[in-house]
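Only one structure is covered here, and it is reproduced in the block below.
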Amino acid sequence: MNCGCLHTQFSSAPFSHSKGRNACLKSDLLKHGTRQGLSSLDSLKSSCTTLSRQLNSRISSGRLTYVKVLVIKCSYPQNADPPRYYSKKEKKPFPIPIVELRRAARERLKKSKTQPRGPVPPPKRGLVVQRLIPVACTVLNARITLINNLKKLLKVMPLNACKWCSEIHVGPVGHPFKSCQGPQASVRRGVHEWGEAVLEDMLVPVEAYHLYDRLGKRISHDERFSIPRIPAVVELCIQAGVDLPEYPTKRRRKPIIRIGKKEFIDADESELPDPDPEAPKPEIQVEIPDSEIVPPSNEQEMALLAERTLQAWEEMREGSKRLM
Ligand SMILES: [Zn+2]
């Protein structure tokens, strides 16, 4: 019987003792637990040392008849258990229990009934927020800069990607650590299968449906392949006010008129002056085709390019957060 684990793990350790003779053991342990409080790590360490010594002497003298499990819980944050690993088949529990969410929603509804309703925000009325149009342009340009720069960097920096999971490794050969959790990882004993990485390994494509009218009817199941899907960031920018000729979208200049809970009609915009076609349009960059990519010539240029790429990434993230 190994009781040495009590020294190091403080978690759970099975141990045995005879029923009649060692009945005092449990009370001894409890006494130790309550007397020393088990509140701090030091007190826990000292109590556990005493505890295992007592066990050794008792067990060596007595007959082993049944197994008792002792669980010592330590509230010290450093010793907290790591989060449980859930396999892909298992459903993760909600971070906040569903009952709590429902209760909070009921309370919110109760509160909102007593308070006067505020004005409806422009997106719900079918309009774009004017002050966010420049942000949307910046985000779209930052995304294109990011893609172009990453393509250039890929020409000079070796990058490996696992064929089974989302892990990537910068360097001529992939790392040897057995941390793969992709399909059939157990067959490969967690070893990654490295191959040459492409842009999509770094910038994982996330797509969204492109909607002509954002307030229009919901996309039905039958329409799922007929409606085009574009990168989600691009769609976000379009809905925030960037006009791309290849993805037309409906722009309203007057708020919609609601005639029911889910029904509405467009306001009459005939008396409004036509939009000026000569008005300056924000400049949108273009993606460089793969064949025309020019890699940085020296290390200094490469470092500068890498810095600009990171800036573009941050710009895209911050802007997207603001738009959402
Ligand atoms: Zn892998």
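The numbers here are math on the coordinates, done by the rules we state, and not lab data. Being a predicted model, the structure only gives us computed values, none of them experimental. Virtual Cβ from ideal backbone geometry, glycine too; neighbours counted across all protein chains shown.
Can we say ASP213 is surrounded by fewer than 14 Cβ atoms within 10 Å (Cβ to Cβ), more than 30 Å from TYR86 (Cβ to Cβ) and touching a residue at least 24 places away in the same chain (Cβ under 8 Å)?
Details: surrounded by fewer than 14 Cβ atoms within 10 Å (Cβ to Cβ): yes; more than 30 Å from TYR86 (Cβ to Cβ): yes; touching a residue at least 24 places away in the same chain (Cβ under 8 Å): yes.
It is true that ASP213 is surrounded by fewer than 14 Cβ atoms within 10 Å (Cβ to Cβ), more than 30 Å from TYR86 (Cβ to Cβ) and touching a residue at least 24 places away in the same chain (Cβ under 8 Å).
Does the range 218-225 include one or more residues that are in contact (Cβ under 8 Å) with a residue 24 or more places away in the chain and not aromatic (Phe, Trp, Tyr)? No: zero hits.
Looking at the range 296-316, which of its residues are assigned to a helix (DSSP H, G or I) and surrounded by 13 or more Cβ atoms within 10 Å (Cβ to Cβ)?
Step one: of the range 296-316, the residues assigned to a helix (DSSP H, G or I) are 299-316.
Answer for the range 296-316, where residues must be assigned to a helix (DSSP H, G or I) and surrounded by 13 or more Cβ atoms within 10 Å (Cβ to Cβ): GLU301, MET302, LEU305, ALA306, ARG308, THR309, GLN311, ALA312, TRP313, GLU315, MET316.
Looking at the range 240-251, I want the residues that are within 15 Å of VAL129 (Cβ to Cβ) and have a partner that is in a strand (DSSP E or B) and hydroxyl-bearing (Ser, Thr, Tyr) with Cβ atoms under 7 Å, at least 6 apart or on another chain. Which pairs are those? Nothing qualifies. For the condition on the phi > 0 side of the Ramachandran plot and either more than 16 Å from the ligand (Cβ to nearest atom) or surrounded by fewer than 12 Cβ atoms within 10 Å (Cβ to Cβ) (or both), GLY126 qualifies.
Within the range 145-204, how many residues turn out to be touching a strand residue (DSSP E or B) at 6+ places or on another chain (Cβ under 8 Å), near the ligand (Cβ under 10 Å from one of its atoms) and not in a strand (DSSP E or B)? Residues in the range 145-204 being touching a strand residue (DSSP E or B) at 6+ places or on another chain (Cβ under 8 Å), near the ligand (Cβ under 10 Å from one of its atoms) and not in a strand (DSSP E or B): 7 in total. When CYS137 is tested against (1) touching a Cys at 6+ places or on another chain (Cβ under 9 Å); (2) within 12 Å of the ligand (Cβ to nearest atom); (3) more than 25 Å from VAL294 (Cβ to Cβ), only condition (2) is not met.
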